[in-house]
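A short reminder: the numbers here are calculations on the coordinates, not readings from a lab. Remember, predicted model here, so these are calculated numbers, not experimental data. Positions of Cβ are backbone-derived with ideal geometry, glycine not excepted, and every protein chain shown enters the neighbour counts.
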Amino acid sequence: MIKNMPPQVSADETSVLLELVEQSLARAGDVVELGCYRGDTSLLLERLLERQAPEKRLWLYDSFEGLPSKTAADASAAGEAFKPGELLVSKREVVERFKKAGLKVPRIKKGWFEDLAEENLPEQICFAFLDGDLYRSIKVSLQLVEGRVVNGGVIVVHDYNNPELPGVAKAVDEWLATHKKARLNVRASLAILTV
């Protein structure tokens with residue numbers, strides 16, 4: 001059993017994430033998370049990096065304004081609870097959680113993913129966790145990281161087969177259609193993309 005289980009990510013998903021990050025650490029590049037919410041998963045990622053690859057950095061990105069508005073691709077009767085502004089948390093709260101845990105505070109960038117430029121990300125990425133919940137957020141996240149992920153690096157997208165969030169699968173499937181060399185593996189509700 002994993003201690004301090006993140007409430008937004010299941011035990012199975014967390015185990016898979018940590019396993020994939022460990023496998024990615026041998027490659028060049030840093031670890032990024034787009035859509036960190038309260039930082040539950042981020043804390044686990046930083047703890048792993050400090051223990052196994054202290055030379056690598058964790059980079060976090062979030063609007064810190066909650067979810068954006070949905071698009072037509074996100075329409076789902078099951079997902080009516082996901083409204084604009086939901087999942088709101090402050091950047092300060094995330095920073096304080098890292099300090100309280102005695103962990104190095106990662107680089108944290110506040111902003112909507114559409115407002116980020118590729119230059120806001122590290123030069124090289126060995127592992128990217130995308131947890132934007134909605135079509136546009138995942139689509140933009142994939143575009144941001146694709147040019148920075150090293151050969152053999154891994155992109156993991158949360159909620160790939162979640163019926164409440166159909167836009168996630170749509171964004172991933174569209175991206176895969178234009179990136180023929182990428183491989184998809186699905187474990188739990190995670191889309192694992194190897195580039």
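Rounded, prolate or oblate, given the Cα gyration tensor of segment 14-194, with a/c below 1.5 counting as rounded? It comes out oblate by the Cα gyration axes. Note on V186 and K100: their simple-model spin labels are 3.6 nm apart, each label 7 Å out from Cα toward Cβ.
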